[in-house]
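Shown next, in structure tokens, is the structure this report addresses.
The values are calculated or read from the model by the stated rules, or taken from the named source; none is laboratory data. Worth saying up front: this structure is predicted, and the values here are computed from it rather than measured. Don't worry about glycine lacking a Cβ; one is built from the backbone with ideal geometry, like all the others, and counts go over all protein chains shown. In case anyone asks, the SASA skips ligands and DNA or RNA and just uses the protein heavy atoms, side chains included. Shrake-Rupley method; radii C 1.70, N 1.55, O 1.52, S 1.80 Å.
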Amino acid sequence: MNNVAQSPCDSNVALFDAIAKDIADSGYSIQAKALPQPLLDTLSDQVQAMPASDFKQAGIGRNSDHQLNQVVRSDEICWINNDNDAGADWLEWVESLQAYLNRHLFLGLLSTESHFAHYAPGDFYKKHSDAFKGQANRVLSMVVYLNRDWLADNGGELLIYREEDSQAAIKVTPNFGTIVVFLSEDFPHEVLPAQRDRFSIATWFRRHNSNAIQ
């Protein structure tokens with residue numbers, strides 16, 4: 001392991017604290033270009049070096065309900081584990097954030113799951129929710145963007161909808177290192193078509209053990 005994921009007693013404290021306060025106050029947090037640079041560079045280098053065969057067509061639903069549906073989403077994903085330095089460093093950083101949020105927000109988070117996502121030009125993910133009310137499976141959703149030199153006309157924005165207002169949306173440009181965290185049950189969201197290859201990491205914090213669809 002490269003030890004680029006820092007412990008919560010160092011510079012990550014300010015970032016973790018900002019995320020926790022935003023979640024408590026608004027239910028979501030957007031931290032522009034905030035992921036620690038060494039970790040960001042490691043993850044970016046990893047995803048750029050991965051062969052196309054590592055990515056699989058993403059589906060919707062879980063377990064027996066899992067299905068491919070390119071009308072809803074057309075991206076490809078690769079689940080992250082600790083079999084390489086980049087994956088191990090990322091999961092260590094996520095674990096530190098989970099511990100911090102549990103201490104400060106008492107969320108009772110027990111596990112996480114993460115995958116790289118690749119949106120080729122034209123790919124999208126229609127409006128959807130990551131969790132349904134009362135199921136207490138995915139509690140928090142997080143996205144981190146790995147796109148260097150992203151331009152406004154490249155598209156690929158994330159739209160986050162407030163539950164009480166299904167029309168107005170918060171628009172997030174997928175800039176390098178930007179972190180988005182939100183309550184999974186409360187914020188439907190979608191990904192607009194991108195005009196160039198778009199890479200990100202999606203992570204979910206859960207109260208139940210992770211059961212990722214491979």
**Q.** Failed criterion for Arg103 (all others in (1) in a helix (DSSP H, G or I); (2) open to solvent by less than 20 Å² (accessible area, probe 1.4 Å) hold)
**A.** (2)
Q. What tally of residues in segment 191-200 results from selecting those that are open to solvent by 30 Å² or more (accessible area, probe 1.4 Å) and of a type outside the set (Lys, Arg)?
A. 4
Q) How many of the residues making up segment 112-136 are at pLDDT 95 or above and in a strand (DSSP E or B)? A) 8
Q | All positions within segment 27-48 that are assigned to a helix (DSSP H, G or I), surrounded by 14 or more Cβ atoms within 10 Å (Cβ to Cβ) and either within 16 Å of the chain's Cα centre (by Cα) or of a type outside the set (D, E, K, R) (or both) | A | Pro38, Leu39, Leu40, Thr42, Leu43, Ser44, Gln46, Val47
(Q) Restricting to segment 68-121, and then to whatever is in contact with a Leu (Cβ under 9 Å, 6 or more places away or on another chain) and of a type in the set (Ser, Thr, Tyr), can you tell me which residue is nearest to Lys56 (Cα to Cα)? (A) Ser114
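Yes/no per residue for (1) modelled with pLDDT of 95 or more; (2) open to solvent by less than 70 Å² (accessible area, probe 1.4 Å); (3) polar (S, T, N, Q):
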| residue | (1), (2), (3) |
| --- | --- |
| Met50 | yes, yes, no |
| Asn69 | no, yes, yes |
| Glu76 | yes, yes, no |
| Ala88 | yes, yes, no |
| Glu92 | yes, yes, no |
| Leu109 | yes, yes, no |
| Arg138 | no, yes, no |
Q.
Of the residues Thr203, Thr173, Thr178, only one is modelled with pLDDT of 95 or more, open to solvent by less than 60 Å² (accessible area, probe 1.4 Å), over 20 Å from Gln98 (Cβ atoms) and not aliphatic (A, V, I, L, M); which?
A. Thr173
